[in-house]
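Trainee: Take this structure, written in structure tokens, and hold onto it; I'll ask about it next.
Read the figures in this text as sums done on the coordinates, not as results from a lab. All figures in this text were calculated on a predicted structure; none of them were measured in a lab. Please note: Cβ atoms are built from the backbone with ideal geometry, for glycine as well, and neighbour counts cover all protein chains shown.
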Amino acid sequence: MDTNRVSELDRHLVEFAQLLRTVGLKVSPSEISDATEGLRVIGMVDRDKVEAVLQATLVKDYRHIFAFKEAFRAYFASLEQKEAWQKEAEKKATQWNEQIESTHQDLRFQGNELDLTEEERAVYASLPEKDKQRLRDFLEKSSMGSKIGAPVDHLHQPMVERVLRGSLEYWRKKLNEEDEPILAPGSMDGVFSEVDRALHEREVEVLSRDLKKISPEEWPEVIRLIRRLSQRLASQLTRRYRADRRRGGLDMRSTLRKNIRYGGVLVERRYRSRRKGRPRIILLCDISGSMLKYTEFIWQFVYGLSNVVNGIKTFAFGESLIPLTGKLRKGQTFEAMVKEALLVSGKEWGGGTNLAIALDTLQKKFPDTLTKQTLLLIVSDAQTLEGERAATLLGGIRRHLRQVLWLNTLPERRWIETSYVKAFLPSCQMYECFTLDHLTTILSKQF
């Protein structure tokens, strides 16, 4: 192979490795060298063979295979396709810059430009038009002052800026759950923008898919997504509790409404009520055959919150209650943990589902877990033996708890097919929960 061709190959491999690093893969110089040697052997004629060699040498974790394939597809696309992606990326960047520029005209007080950071301007630029208009209306009313109060002059600008920053901070957290800076959408690099778009679409598709339809080959990827989602929620919870130690945070909507008579100037403040302390969680998992896959995914998610909640105690139930707290070993799956616990307890896998026995055992053998700080999280499709008795027991236990959440893996439209759902509803908040999107939404609201 001539020197110029080798040099060109090296350049492309380095660029491709950099793209892989950008989307989350770790690629070392030695792995790039291995890929080079592999391509020298097979040549560059057969696209499938090239992809196979690069995957074998550059991907160490099978959870990254999808990202690799999207990066390969985009990097080795036709020149015409790359030019189209580049034009689209540049168009988005231009539109974004125009939106940022418009903030200098929109965000003014009595004609003076407000002192805001670039990130605060980026948050404003990311808002729906109706919410932008609300902020502009607030600034206009603040600039005009109150019709019945003292006139407002430029000395009030710092106060108006503080109110606006508080509102933009609220929107920043709402728009970006990962608590990272809000940046321009996409990238000036068309190839990376295309890969980023594909990965985002993949995540959205997985979030909205019924968990029972996730194939064994996709489990590692989904588990990685679950860990990231649970860490994101844990980060949100930590921030909330830290911010609300003494009293609730500033209630921006109520504060603005209260101060309309002052022309929107922040004279009186309103605060949210103080939050309750961090909850303790009892996770009660149905392990019948139809429930096992749902239960494993939900269990993985809830355990990702273990650094935020005061303690998580896990129980499984089939025909009886099986304590699982402390049973997990590193690298062990939920199913393996359950089977091992069943073996130790002398129980058998399979048979019926009896929530009544599980609840009765829970309150008799583990009464210390049932406190006003405890959130009982039931994962079940509500198909159980002794349903009426289970509903009565749940009603009695509910009085000793902070809350009971029931994650029902059946779509809500099918609840009428289950005999005892109606009996359980007075004692819990029941949600349909058969996708990761359902789960993250429910827990975000409840915590």
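Trainee: At a 10 angstrom cut-off on C-beta neighbours, averaged per residue, how do the peptides 61-70, 365-374 rank from highest to lowest?
Mentor: Per-residue mean Cβ counts within 10 Å order the peptides as 61-70, 365-374.
Trainee: Once you put a point 7 Å from the Cα of residue 197 and another 7 Å from the Cα of residue 399, both along the Cβ direction, what distance in nm separates them?
Mentor: Those two pseudo-labels are separated by 6.0 nm.
Trainee: Multiplying the sequence separation of residue 105 and residue 364 by 0.36 nm and subtracting their Cα-Cα distance, what value in nm do you get?
Mentor: Full-extension gain reported as 86.6 nm.
Trainee: Any idea how far the Cα center of the stretch 282-307 sits from the one of the stretch 189-230, in Å?
Mentor: 20 Å
Trainee: Packing-wise, with mean Cβ within 10 Å as the measure, how do 97-105, 408-416, 287-295 rank, highest first?
Mentor: Taking the mean over residues of other Cβ atoms within 10 Å, the ranking is 287-295, 408-416, 97-105.
Trainee: Expressed in nm to one decimal, what extension gain is obtained for the pair residue 327 and residue 92 from 0.36 nm per residue of sequence separation less their Cα-Cα distance?
Mentor: Residue separation times 0.36 nm, minus the Cα-Cα distance, leaves 79.5 nm.
Trainee: Follow-up. If you find the alpha carbon centre of the stretch 121-141 and of the stretch 376-431, how far apart are they in angstrom?
Mentor: 43 Å
Trainee: Magnitude of the Cβ-charge dipole of the stretch 105-175, K/R +1 and D/E -1, about the Cα centre, nearest 20 debye?
Mentor: 340 debye
Trainee: Given the pairs 91/130; 173/313; 174/422; 365/445; 26/87; 313/339, which are separated by over 27 angstrom at their Cα positions? Numbers along the way, then the final one.
Mentor: Details: 91/130 24 Å; 173/313 30 Å; 174/422 34 Å; 365/445 31 Å; 26/87 29 Å; 313/339 18 Å.
Among 91/130; 173/313; 174/422; 365/445; 26/87; 313/339, the Cα-Cα distance tops 27 Å for 173/313; 174/422; 365/445; 26/87.
Trainee: OK, next. Hey, can you rank 390-396, 197-203 by average C-beta count inside 10 Å, highest first?
Mentor: 390-396, 197-203
Trainee: Now for a different question. Give, in nm to one decimal, the length gained when the segment between residue 388 and residue 373 is fully stretched (0.36 nm per residue of separation minus the Cα-Cα distance).
Mentor: Going from the current span to full extension adds 2.7 nm.
Trainee: For the stretch 105-175, taking Cα atoms only, what is the radius of gyration to one decimal and the Dmax to the nearest whole Å?
Mentor: Just the Cα atoms of the stretch 105-175 yield Rg and Dmax of 12.2, 37 Å.
Trainee: Semi-axes of the equivalent ellipsoid of the stretch 3-76: what are they in whole Å, largest first, if each equals the square root of 5 times a C-alpha gyration tensor eigenvalue?
Mentor: 19, 13, 11
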